[in-house]
Every structure is written in structure tokens, then in C-alpha cells.
């Protein structure tokens, strides 16, 4: 008789911690990485995953992984590990992947194009509506089915669509002047890929994608 | 008589904390952002900066800024604030900007191209030597004076030049297979821009540029 691993999903709990309690940035980051791993396992048709497999891949403590997973409303766990599909779903619920967030990309240069082509975004609830640029050679063209529009059309479109997230990828010398346009267009969240610290009013939030800081952190001890 | 603010650089201390003590990742990240601000002040010919100006721009506590700066070997401080040029220099010394780190970009798509064109890298000690791709339409071309080479040439060139940092920007489906090539070519540091958790041996370090995790963290409460 073959060994039987009974992995029953528990009954669904009404309590969803993701909706009620603030999860720290570090945990969100790790959960996203777990999600990458689970995606890969699913593509390889692997059904179960142990916390120490995740830990080994990320070079972190097994106990850390288990602690992170314990805050999820995860229903599938058994002797051989977590049920990959269940764990993936519980991360998605907790982090709100299903709640689509619309955004504009500002700057249709290489970085803007790369982000527009990054199909993975939609899996995580980020929906790019359009790109904006001031280069008339680019305006009117499309990338990955997203049109490049004249930056002058941004205020109108932002108000009409209610989009208030902008991904800023313009050259550094135009960063602040472009941010000023975004602010006037009622954009409230700027995901800033430029190496410039933007000056914004209090009701606008900026996330600095500080690439150099990350690189320096990574290579500090080399 | 005009008001005189005497801002004398103190004598140079032999003790350089940056070389002797590990600085946390968070501090490195903040110091890089301070550096961006100082760069901007210099371009506007502003000589002094107060900690609360930095704090306001980054929406963090003034005391945090002062604490971070206190670990630098910063020599210029006076009643009107820090001397911008001195503070900038002390961040550069502490974070080791002057110690150039050579790297390859793997993948000459939009993201690879964007990073190759990012001139700001050199200011932070990151020197891109060349790009690699397997697309024969791209091989032989240059971007920002950096040549795109056949990925097959990587092992040889890596050993010849001693470059052991690779910036991975290939499509996700090629991430692991490309990482395997890098590992065989004795690359020891992989700055990973793909949404894939790479499987690597213990002596190889990976920094996951977890864009989706950052986005989710930024927009979690929207």
C-alpha cells in the first residue's frame, strides 16, 4: 500500500489578517519572493513545498519562513509540507494581488519600455494603462498593447480614469519638473525610478526605487 | 558687516568607520538618498544643508538623519548646517564609491539597455564593462559605448578580466539557465532583476531586485 499523505485544506477562516493588520514591508517583500518560488513549482507540477526548501533558496532561516507563513490565512499544510497551490493563493489574498491597481508609466525610454513589457506585473495586480512621453517620435506608438500618449494629455486622462499611480522613468534632469506635472494632475503615488529625491506635497507618496543604494548594499563588502 | 558663518573642516580623522564597521543596509540606502539630494544642491550651487531639509524631503525624522550622518567621518558642520560638498565626500568615502566595481549586464533587452545607459552608475563606483546576449541581431552593436557580446564569450572574458558581478536582466524563462552559465563562469555576485528566485551554490550571492515586492509594499494600503 502506498504511503498516504492526507493534506486536507482546513475550513476557510473568516479572519483575514491581511485586511486587518499592517504587514511590514520586509514581510511583504519576502512573501513576494515565496510567491515567485511557488509559481516556479507550479510550472514544474510540484505539489508540495517544505519551509526549508524556501529558506534554502533565499538563504534565510527556516524559522523565518514558517513565521511569515503563519501570518497568512493558509489552509493547506501537511506532513510533507505546504500545498503549493493553496499557499500561493493565500499569499495572493493576503497581499491583495486580486485588487487591480491601475498606473501610468511616465517616460517611454528603455526603462519605461522594459516595465511596460513586463507581463508579470498583471499577475501581481499592477495594470499599466498607458505610457506618457513628450517625444513626438514616440507618441502614438504602442508597446505591449499600451499606447504612448503626449504628456500634455496626462491631467485630463488621470482625472477621467481616476488613475493616481505613476511610474516615473524619465531622465534625472527632468525628474522634478515631471513630478510637478504629475502632482498638478492629482497623481498621489509616484514610484520613482530616477536617482532624484523628489520634492512633493504631503498628500503625495513617493517610493524611491533606489537602485544605487541597493547595489551599494549588495556589494558593500566586496 | 555681513554675518559670518565660519564652517571650517575639522582635521581629517584617521578613523574611518566605513572601513571598519558594518553599516546596515537601511543606512546605506538612506545615505545614498542623502547623496542624491546633495548632488542636486551642488548643481544648484547651494553650499549648506540642514538635517531637517533632508528629513523633510525624505519624509523621515530629523533625528534619524543626524544619527546616520554621525556615523560618517564628516568634517564640515556649522551653525547653518552641513557643508554640502564635505558631507557628499564623506558619504562617498564611507560607502566606498571611489572603489570601482566592474560588472557585466546579461541580457540586452530594454531593461539591460536602460541600465547600460544609466550614466549615474559610474558616479557610484559601478562600471559596466559589456553586455551579453544570445541574439545575433544585437551582438556586435554598442550601447552607450559598451559592446554587446555573445553570451558564449562570457566565461572566457570573466576569467580574463576578473569581473565577478553580473546584472541579470533576461526574460524570466531564461533566468535560471542563464544563472547556471554565470555560475560556471565564476561569477560570484548576481544582481537579479528577474522575478525568479535563483538556485545558486553557497559561494554565489544574489541580490533580488524584487520590483513587485516593492510595488506591493508601496501600494499595500491603497
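Read-outs: derived from the displayed coordinates by stated rules, not from any lab. Keep in mind it's a predicted model, so treat the numbers as computed, not measured. Here Cβ is always computed from backbone atoms with ideal geometry, including for glycine, and neighbour counts include all displayed protein chains.
What's the percent breakdown of Cα-Cα distances in the range B:17-95 across 10 Å bins, shortest bin first?
19, 60, 21, 1
Which value results when the Cα radius of gyration for the protein assembly as shown is divided by 2.2 N^0.38 Å?
For the protein assembly as shown, the normalised Cα radius of gyration comes out at 1.05.
Considering only A:201, A:171, A:155, give the residue with the highest GNM mean-square fluctuation for chain A, with springs between Cα atoms whenever their separation is below 10 Å.
Among A:201, A:171, A:155, the largest mean-square fluctuation in the Gaussian network model of chain A belongs to A:201.
Quick check: the angle from helix B:25-43's long axis to the longest principal axis of chain B, C-alpha only, nearest 10 degrees?
70
When DSSP beta bridges are limited to those with both residues in the protein assembly as shown, what percentage is antiparallel, rounded to the nearest 5?
If we restrict to bridges inside the protein assembly as shown, about 25 percent are antiparallel.
For a footprinting-style exposure proxy, rank B:66, A:30 by other Cβ within 10 Å, fewest first. Walk me through the numbers before you get to the answer.
Values: B:66 15, A:30 21.
So the residues, fewest neighbours to most, are B:66, A:30.
Can you tell me the FRET efficiency between residue A:176 and residue B:176 if r is taken as the Cβ-Cβ distance and R0 is 35 Å, rounded to the nearest 0.05?
It comes out at approximately 0.30.
Can you tell me what share of the DSSP beta bridges in the range A:107-222 is antiparallel? A percent to the nearest 5 is fine.
Working: 2 of 13 bridges.
In the range A:107-222, DSSP labels about 15 percent of beta bridges as antiparallel.
With both partners inside chain A, how many of the DSSP beta bridges are antiparallel, as a percent to the nearest 5? Walk me through the intermediate numbers first.
Numbers: 6 of 26 bridges.
Counting DSSP beta bridges with both partners in chain A, the antiparallel share is about 25 percent.
Across the range A:97-210, how large is the tail of the calculated P(r) beyond 16 Å, expressed as a percent of all Cα pairs?
55
Determine by what factor the alpha-carbon radius of gyration of the range B:167-213 differs from 2.2 N^0.38 Å, reporting the quotient.
Cα-based Rg divided by the globular estimate yields 1.02.
Scale the Cα Rg of chain B by the rule-of-thumb value 2.2 N^0.38 Å and send over the ratio, two decimals.
1.21
Can you list the residues of the range B:174-189 with backbone N under 14 Å from a point 7 Å past the Cα of residue B:203, pointing along Cα to Cβ?
B:183-189
Arrange B:119, B:68 by Cβ neighbour counts within 10 Å, fewest through most, would you?
B:119, B:68
With the radius of gyration and the Kirkwood radius both derived from the Cα set of the range B:143-222, what is their ratio Rg to Rh?
Details: Rg = 14.6 Å, Rh = 13.9 Å.
Radius of gyration over Kirkwood radius for the range B:143-222 works out to 1.05.
Based on alpha-carbon centroids, what's the gap between the range B:63-83 and the range A:19-57 in Å, whole number please?
Here the two parts' Cα centres lie 40 Å apart.
Which of A:69, B:105 comes first, and how do the rest follow, when ranked by fewest Cβ neighbours within 10 Å?
Listing A:69, B:105 from fewest to most nearby Cβ atoms yields A:69, B:105.
Run the numbers for residue A:159 and residue A:63: contour at 0.36 nm per residue of separation, minus the present Cα-Cα distance, in nm.
Numbers: separation 96, 0.36 × 96 = 34.56 nm, distance 4.65 nm.
So the extension gain works out to 29.9 nm.
Starting from the eigenvalues of the Cα gyration tensor, five times each then square-rooted, give me the equivalent ellipsoid semi-axes of the range B:52-148, largest first, whole Å.
39, 14, 10
Cα axis of helix B:175-184 to longest principal axis of chain B: angle in degrees, 0 to 90, nearest 10?
With rounding to tens, the tilt is 90 degrees.
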